[in-house]
Amino acid sequence: MKNILFIHQSAELYGSDKTILMFISNLDRAKYTATVLLPSDGPLKREFEKNGIEVIIAPILKLYRKMFSVSGVVKFFREYKEGLQKIEALHREKNFDLVYSHTLASLIGIVFARKYKIQHLWHVQEIIAKPVIFNKGFKALLGIKSNHKIVYDSKATMDFWVKGNSVLMAKSNFIWNGLDLEAKPEIPPAVVNDVKKQIFKVSDDEIVIGLFGRINGWKGQLLLLEAFKQIYPRHKQCRLVYIGSAPPNQEWFEERLKARVLEYQLANVVRVIPFQEEIWKFWQSIDIAVVPSTEPEPFGMVAIEAMSCGKPVVAANHGGLTEIVLHNETGYLFRPNDAADLAGYLEKLVTDAGKRKSFGEIGIKRVQQLFSLKSHVKQFEDIFSKMLQ
């Protein structure tokens with residue numbers, strides 16, 4: 001039995017939170033014992049505990065722009081001491097064989113693994129071009145000998161980090177994220193009808209376009225609103241739904257979106273719904289999914305969620321989304337940051353129910369073939385086995 005310390009940077013239930021939850025919950029417990037370190041309480045912690053997985057709350061040394069101030073530096077070193085002490089106490093009890101850092105946002109894993117000469121794997125799920133100091137700093141950290149293995153969540157993410165760097169290439173590969181299709185619930189028609197009538201406030205003959213995800217500066221909520229504003233005058237049967245909330249202390253992103261909806265006089269046809277833990281009934285209640293990220297998505301978990309529910313996906317043509325969505329087969333890939341191009345593809349789907357259906361059917365098969373959780377877990381277990389020989 002091998003003991004693995006998993007470190008994650010959030011306790012919410014968005015994309016990367018869901019991937020680590022599904023992954024750890026499906027590891028072979030006859031071979032591996034997982035302990036999860038999170039920076040705070042939240043829905044992710046509760047889900048882990050439901051699955052019998054131990055969760056510890058401690059500082060994870062999360063990097064952020066404001067840390068480059070006097071107060072930020074003081075906070076960083078305070079958390080460094082507190083977080084390391086907590087992990088060291090855990091290590092005395094569990095004698096960890098491997099440290100797995102999920103996303104680049106946490107530094108405590110590599111610090112601890114290096115100090116105690118423990119195998120370290122970094123699962124990278126970010127594409128960070130700016131600020132340049134972060135880009136160069138992370139490349140340096142990924143390249144140190146104490147970081148023994150790097151797994152990226154897409155080929156796009158791997159190509160971004162390893163380009164021109166033979167040191168990183170030698171210890172890198174990518175594994176697509178996967179969905180637990182067997183655990184995906186069947187949603188009764190009555191529930192879908194209730195969501196449409198009571199939450200979306202739409203009728204059966206109206207077409208619902210949906211964007212699911214955190215409301216921030218690069219997920220593309222405003223870009224989609226611009227595109228919707230272009231097509232709505234010609235297609236009055238369309239409705240737009242956003243599901244998600246802004247990060248803590250960044251509520252102004254959501255306020256700005258709602259203000260723009262009012263400015264465009266679309267409040268009667270656009271809904272902004274807070275983050276939902278039970279997301280599947282909402283996926284089943286829309287007609288077209290949109291992933292309009294203005295910066296490259298490292299992967300794009302929402303795209304495979306939508307496709308698994310038989311929904312066509314219109315996505316920005318960059319990053320990991322280009323490995324998920326097949327243009328003119330499971331949806332469309334539009335020019336990034338181009339509201340007119342996005343509007344054009346939305347209009348194609350709004351006016352063609354047959355295409356929505358056929359794209360959705362092909363999308364289901366694609367997820368089943370390429371993005372299963374079983375394959376994702378198996379590939380990681382093979383890596384763990386080699387690292388722990």
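Residue-by-condition table, conditions (1) surrounded by 13 or more Cβ atoms within 10 Å (Cβ to Cβ); (2) among the acidic types (Asp, Glu); (3) modelled with pLDDT under 95; (4) in contact with a helix residue (DSSP H, G or I) (Cβ under 6 Å, 6 or more places away or on another chain):
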{"residue": "Pro189", "(1), (2), (3), (4)": "no, no, no, no"}
{"residue": "Lys196", "(1), (2), (3), (4)": "yes, no, no, no"}
{"residue": "Lys201", "(1), (2), (3), (4)": "yes, no, no, no"}
{"residue": "Gly220", "(1), (2), (3), (4)": "yes, no, no, no"}
{"residue": "Leu223", "(1), (2), (3), (4)": "yes, no, no, yes"}
{"residue": "Ala227", "(1), (2), (3), (4)": "yes, no, no, yes"}
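Within the stretch 309-344, which residues are among the hydroxyl-bearing types (Ser, Thr, Tyr) and farther than 17 Å from Asp153 by Cβ?
Matches in the stretch 309-344: Thr330, Tyr332.
Before we move on, is Ser71 hydroxyl-bearing (Ser, Thr, Tyr) and surrounded by fewer than 12 Cβ atoms within 10 Å (Cβ to Cβ)?
yes
Going by what's in this entry, would Lys311 be described as assigned to a loop (DSSP other than H, G, I, E, B) and within 23 Å of Ile243 (Cα to Cα)? Spell out the reasoning first.
Values: assigned to a loop (DSSP other than H, G, I, E, B): yes; within 23 Å of Ile243 (Cα to Cα): yes.
Criteria met by Lys311.
Taking the stretch 72-103 on its own, how many of its residues are in a helix (DSSP H, G or I) and farther than 12 Å from Ile60 by Cβ? First the steps, then the outcome.
Within the stretch 72-103, the subset in a helix (DSSP H, G or I) is 72-94.
So of that shortlist, the ones also farther than 12 Å from Ile60 by Cβ come out as 72-75, 77-78, 81, 85, 88-94.
Residues that pass the stated criteria total 15.
State which residue is farthest from the chain's Cα centre (by Cα) when the search covers only the stretch 314-351 and only residues that are buried (at least 24 other Cβ atoms within 10 Å of the Cβ) and assigned to a loop (DSSP other than H, G, I, E, B).
Thr330
Which residues, taken from the stretch 126-146, are part of a loop (DSSP other than H, G, I, E, B), among the β-branched types (Val, Ile, Thr) and more than 18 Å from Ser166 (Cβ to Cβ)? Steps first, please.
First, the residues of the stretch 126-146 that are part of a loop (DSSP other than H, G, I, E, B): 126-131, 144-146.
Subset that is among the β-branched types (Val, Ile, Thr): 127-128, 144.
The answer is Ile127, Ile128.
Give me a count of the residues in the stretch 232-257 that are of a type outside the set (Lys, Arg) and either in contact with a Lys or Arg (Cβ under 8 Å, 6 or more places away or on another chain) or in a loop (DSSP other than H, G, I, E, B) (or both).
Residues that pass the stated criteria total 13.
Looking at the stretch 199-224 only, could you name the residues that are more than 19 Å from Lys348 (Cβ to Cβ) and not in a loop (DSSP other than H, G, I, E, B)?
Ile199, Phe200, Phe212, Gln221, Leu222 - these are the residues of the stretch 199-224 that are more than 19 Å from Lys348 (Cβ to Cβ) and not in a loop (DSSP other than H, G, I, E, B).
If Phe275 meets every condition in (1) modelled with pLDDT of 95 or more; (2) in contact with a Leu (Cβ under 9 Å, 6 or more places away or on another chain); (3) of a type outside the set (A, V, I, L, M) apart from one, which number is that one?
All conditions pass for Phe275, except number (1).
Out of the residues in the stretch 147-171 that are assigned to a loop (DSSP other than H, G, I, E, B) and crowded, with 18+ Cβ neighbours inside 10 Å, state the one that is farthest from the chain's Cα centre (by Cα).
Going through the qualifying residues, I end up with Asn147.
From the residues in the stretch 262-299 that are touching a Pro at 6+ places or on another chain (Cβ under 7 Å) and in a loop (DSSP other than H, G, I, E, B), which one is surrounded by the fewest Cβ atoms within 10 Å (Cβ to Cβ)?
Looking at the filtered set, the residue picked out is Glu277.
It is to be established whether one or more residues within the stretch 38-48 are of a type outside the set (Ser, Thr, Tyr) and closer than 18 Å to Phe380 by Cβ.
Yes, the conditions are met somewhere in the stretch 38-48.
Could you list, in sequence order, all residues of the stretch 113-142 that are more than 26 Å from Tyr14 (Cβ to Cβ) and in contact with a Leu (Cβ under 6 Å, 6 or more places away or on another chain)?
Gln119 - this is the single residue of the stretch 113-142 that is more than 26 Å from Tyr14 (Cβ to Cβ) and in contact with a Leu (Cβ under 6 Å, 6 or more places away or on another chain).
Go through (1) touching a Gly at 6+ places or on another chain (Cβ under 9 Å); (2) assigned by TED's automatic domain parsing to the domain that holds Pro248; (3) under 30 Å from Pro248 (Cβ atoms) for Asp153 and report which single condition fails.
Unmet for Asp153, out of (1) touching a Gly at 6+ places or on another chain (Cβ under 9 Å); (2) assigned by TED's automatic domain parsing to the domain that holds Pro248; (3) under 30 Å from Pro248 (Cβ atoms): (2).
Tell me, yes or no, whether the stretch 94-112 has at least one residue that is farther than 21 Å from Pro296 by Cβ, free of Cβ contacts under 8 Å to residues at least 12 places away in the same chain and of a type outside the set (S, T, N, Q).
The answer is no, given that none of the residues of the stretch 94-112 is farther than 21 Å from Pro296 by Cβ, free of Cβ contacts under 8 Å to residues at least 12 places away in the same chain and of a type outside the set (S, T, N, Q).
So which pairs qualify, if the first residue must be in the stretch 279-302 and under 23 Å from Ser154 (Cα atoms) and not assigned by TED's automatic domain parsing to the domain that holds Leu349, the second must be in a loop (DSSP other than H, G, I, E, B) and at pLDDT 95 or above, the Cβ gap must be under 7 Å, and the two must be at least 6 apart or on different chains?
Filtered contacts from the stretch 279-302: no entries.
List every residue pair whose Cβ atoms sit under 7 Å apart, with the two residues 6 or more apart in sequence or on different chains, where the first one lies in the stretch 227-239 and is in the same structural domain as Thr351 (by TED's automatic domain parsing) and more than 18 Å from Leu211 (Cβ to Cβ) and the second, anywhere, is buried (at least 16 other Cβ atoms within 10 Å of the Cβ) and of a type outside the set (D, E, K, R).
Final answer for the pair search is Gln237/Ile207.
The values are calculated or read from the model by the stated rules, or taken from the named source; none is laboratory data. Keep in mind it's a predicted model, so treat the numbers as computed, not measured. Here Cβ is always computed from backbone atoms with ideal geometry, including for glycine, and neighbour counts include all displayed protein chains.
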